[in-house]
Amino acid sequence: MSTTLDAHNPRPENVAEPQRTDQVPGRVLPGYAQPVGFAIWLLVTGAVGALASFLLLYERVRLWNDPQHVTACDLNPWVSCGEVMQSWQSATFGFPNIFIGVVAFPLLIGVAVSLLATGGRMPRWYYHGLQAGAVFAFGFIIWLWYSAVYTIGVLCPYCMIVWAAVIPLFVVTTARNIVHGVIPASAGVKRVARDWWWVVVAVLYLLVFTSILLNFTDAFIYGF
């Protein structure tokens, strides 16, 4: 189903309207690009990220109150939330990174609810803002992943849950915006976004897992 605008009576740019899909006539949008499907993706990733963020906040508060506290995810020398929390990377912007997740993921849940309530009929700037947030989140977890794996040398399980939530959030949001024309792209790029988004998610998960496997071999052999 496609939507067209009357050339003699165009809508103002800031008025909510369905996004362009540039689909082949008769071809159904993939589930993640449909209003309800996309909102559910945001809701699930937001809920998972929020849960991990609040668990991290709980452990961080316990450590503030008792420096000797052993967090629930302190498993061995290679897997320890408490050890990662002591690094400077855990407060990249001068305050605990945890606060970003505690605010951002509930906000994402709110975005998901707003899309469900409106059937996805939000102004284009709304999706641009969502895309900007997804890009920031993805870039930030790349930095945190690199820091944990190659600099600190210790993994934080709750942090990795956040990584696992942000990866599909970024890919699905970007693919959805490409398909709907929010992000200008060629027909070939739109085809890849429509049909192969899940491969990108799988490849990113595989790259993260491989980097951990290669850099924490001793943890897999001796730590469990």
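The values are calculated or read from the model by the stated rules, or taken from the named source; none is laboratory data. Nothing here was measured: the structure is a model prediction, and the numbers come from that model. We place every Cβ from the backbone using ideal geometry, glycine too, and count neighbours over all the protein chains shown.
Determine if the range 70-87 includes at least one residue that is hydroxyl-bearing (Ser, Thr, Tyr), farther than 28 Å from residue 214 by Cβ and over 18 Å from the mean Cα position of the chain (by Cα). Please lay out each step first, then the result.
To start, the set of residues in the range 70-87 that are hydroxyl-bearing (Ser, Thr, Tyr) comprises 71, 80, 87.
Next, from what is left, pick out any that are farther than 28 Å from residue 214 by Cβ: none.
Looking through the range 70-87, none of the residues is hydroxyl-bearing (Ser, Thr, Tyr), farther than 28 Å from residue 214 by Cβ and over 18 Å from the mean Cα position of the chain (by Cα).
Answer yes or no as to whether residue 48 is in contact (Cβ under 8 Å) with a residue 24 or more places away in the chain, touching a strand residue (DSSP E or B) at 6+ places or on another chain (Cβ under 6 Å) and aliphatic (A, V, I, L, M).
Taking the combined requirement at face value, the residue does not satisfy it.
For the range 181-224, what are the residues that are farther than 20 Å from residue 145 by Cα and of a type in the set (Asp, Glu)?
Matches in the range 181-224: 195 only.
When only residues in the range 70-89 that are in a loop (DSSP other than H, G, I, E, B) and either in contact with a helix residue (DSSP H, G or I) (Cβ under 6 Å, 6 or more places away or on another chain) or free of Cβ contacts under 8 Å to residues at least 60 places away in the same chain (or both) count, which is nearest to residue 144 (Cα to Cα)?
Of all residues in the range 70-89, those in a loop (DSSP other than H, G, I, E, B) come to 70-75, 77-78, 80, 86-87.
Still in the list and also either in contact with a helix residue (DSSP H, G or I) (Cβ under 6 Å, 6 or more places away or on another chain) or free of Cβ contacts under 8 Å to residues at least 60 places away in the same chain (or both): 70-74, 78, 86-87.
Details: 70: 22, 71: 19, 72: 20, 73: 17, 74: 18, 78: 16, 86: 14, 87: 11 Å.
Filtering the range 70-89 for residues that are in a loop (DSSP other than H, G, I, E, B) and either in contact with a helix residue (DSSP H, G or I) (Cβ under 6 Å, 6 or more places away or on another chain) or free of Cβ contacts under 8 Å to residues at least 60 places away in the same chain (or both), the one nearest to residue 144 (Cα to Cα) comes out as 87.
Within the range 190-205, how many residues turn out to be aromatic (Phe, Trp, Tyr) and touching a residue at least 12 places away in the same chain (Cβ under 8 Å)? Give the derivation first.
Pass one, the range 190-205, residues aromatic (Phe, Trp, Tyr): 196-198, 205.
Subsequent filtering for residues that are touching a residue at least 12 places away in the same chain (Cβ under 8 Å) retains 197, 205.
Residues flagged as aromatic (Phe, Trp, Tyr) and touching a residue at least 12 places away in the same chain (Cβ under 8 Å) within the range 190-205 amount to 2.
Any chance you could count how many residues in the range 206-221 are in contact (Cβ under 8 Å) with a residue 24 or more places away in the chain and assigned to a helix (DSSP H, G or I)?
Looking only at that region, the number is 6.
In this structure, does residue 174 turn out to be among the β-branched types (Val, Ile, Thr) and farther than 30 Å from residue 122 by Cα?
So residue 174 fails the test.
Restricting to the range 186-219, name every residue that is farther than 24 Å from residue 34 by Cβ and over 21 Å from the mean Cα position of the chain (by Cα).
Hits for the range 186-219 are 213, 214, 215, 216, 217, 218, 219.
Test residue 158 against the criterion of being touching a Cys at 6+ places or on another chain (Cβ under 7 Å) and of a type in the set (Phe, Trp, Tyr), and give yes or no.
Answer is yes for this residue.
Here is a yes/no grid of residues against (1) within 18 Å of the chain's Cα centre (by Cα); (2) part of a loop (DSSP other than H, G, I, E, B); (3) at positive phi; (4) at pLDDT 95 or above:
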residue	(1), (2), (3), (4)
15	no, yes, no, no
32	yes, no, no, no
52	yes, no, no, yes
68	no, yes, no, no
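In a helix (DSSP H, G or I) and touching a Lys or Arg at 6+ places or on another chain (Cβ under 9 Å), is that true of residue 38?
yes
Which numbered condition trips up residue 74, out of (1) under 21 Å from residue 163 (Cβ atoms); (2) modelled with pLDDT of 95 or more; (3) surrounded by 14 or more Cβ atoms within 10 Å (Cβ to Cβ)?
With (1) under 21 Å from residue 163 (Cβ atoms); (2) modelled with pLDDT of 95 or more; (3) surrounded by 14 or more Cβ atoms within 10 Å (Cβ to Cβ) applied to residue 74, the lone miss is (2).
Name the residue, out of 175, 185, 219, 202, that is under 24 Å from residue 86 (Cβ atoms) and aliphatic (A, V, I, L, M). Before the answer, list the steps.
Details: 175 fails: under 24 Å from residue 86 (Cβ atoms); 185 fails: under 24 Å from residue 86 (Cβ atoms); 202 fails: under 24 Å from residue 86 (Cβ atoms).
Answer to the check: 219.
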